[in-house]
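Just so you know, all these numbers are worked out from the coordinates, no wet-lab data involved. All of these numbers come straight from a predicted model, not from anything done at the bench. Neighbour counts run over all protein chains shown; Cβ positions are idealised from the backbone, glycine included.
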Amino acid sequence: MGVITYTDEHTNIIPPSRIFKAAILDSHNLMPKLLPDAIKSIKLIKGDGGAGSIKQTNFSGGYVKHQVDEVDENTLTYKYSLIEGMGISDKVEKVSYDIKFEATPDNGTISKMTTTIYTHGDFELKEEELNAEKEKVLGLYKVVEAYLLENPDAYV
């Protein structure tokens, strides 16, 4: 099994607790609303949203299932693993994400996400594929950020 790990950071002017509430705690409601052409629904299929829960995100062209490994509202951290659906194949066993939202001195946020991809055998992902995934994640954060800027009373 191969393991590929990378970390990305994104800074914005929204306070970390608002980003966490919108992008993590209420993602099942907010993301289909903000991206209706891409995300059809996000359903909790096991558990209450805490550790051990399984969420299914339905896209226009498929689905993914995530297992929640940890959600901590005090430290603003969220860990989950992609366990089924798009992205999982005979070459990729699972993908784990570790997300932390930290305050900047001006009360903005540094979003740090470490992604660990577990591959079968000696399979290696191409740099272009990794960069494409990074851009998708950054795009999601930018959509949430824009929504929160336009709606200053949301998720306070």
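How high is the relative contact order of the chain, in percent, counting Cα pairs under 8 Å that sit 6 or more residues apart? Show your work: numbers first, answer last.
Values: 300 pairs, mean separation 44.8, N = 156.
Relative contact order of the chain: 29 percent.
Suppose each label sits 7 Å from its Cα in the direction of the beta carbon; what would the ASN131-THR7 distance come out to in nanometres?
2.3
What is the diffusion coefficient of the chain in µm²/s, taking the Kirkwood radius over Cα pairs and the Stokes-Einstein relation at 10 °C with a viscosity of 1.306 mPa s?
98
What net charge do the residues around SER111 carry, taking every other residue with its C-beta under 10 Å from that of SER111, with Lys and Arg at +1 and Asp and Glu at -1?
Around SER111, the charge tally is -2.
Can I get the semi-axes of region 65-132's equivalent ellipsoid? Compute them from the C-alpha gyration tensor as square roots of 5 times the eigenvalues, in angstrom, largest first.
28, 15, 8
Give a quick list of GluC sites (Glu not before Pro) in region 11-113 that DSSP marks as loop, anything other than H, G, I, E or B, with at most 12 other Cβ atoms within 10 Å. Write out the running numbers ahead of the final one.
Numbers: sites: GLU70, GLU73, GLU84, GLU93, GLU102; in loops: GLU73.
Here the sparse-neighbourhood loop sites are GLU73.
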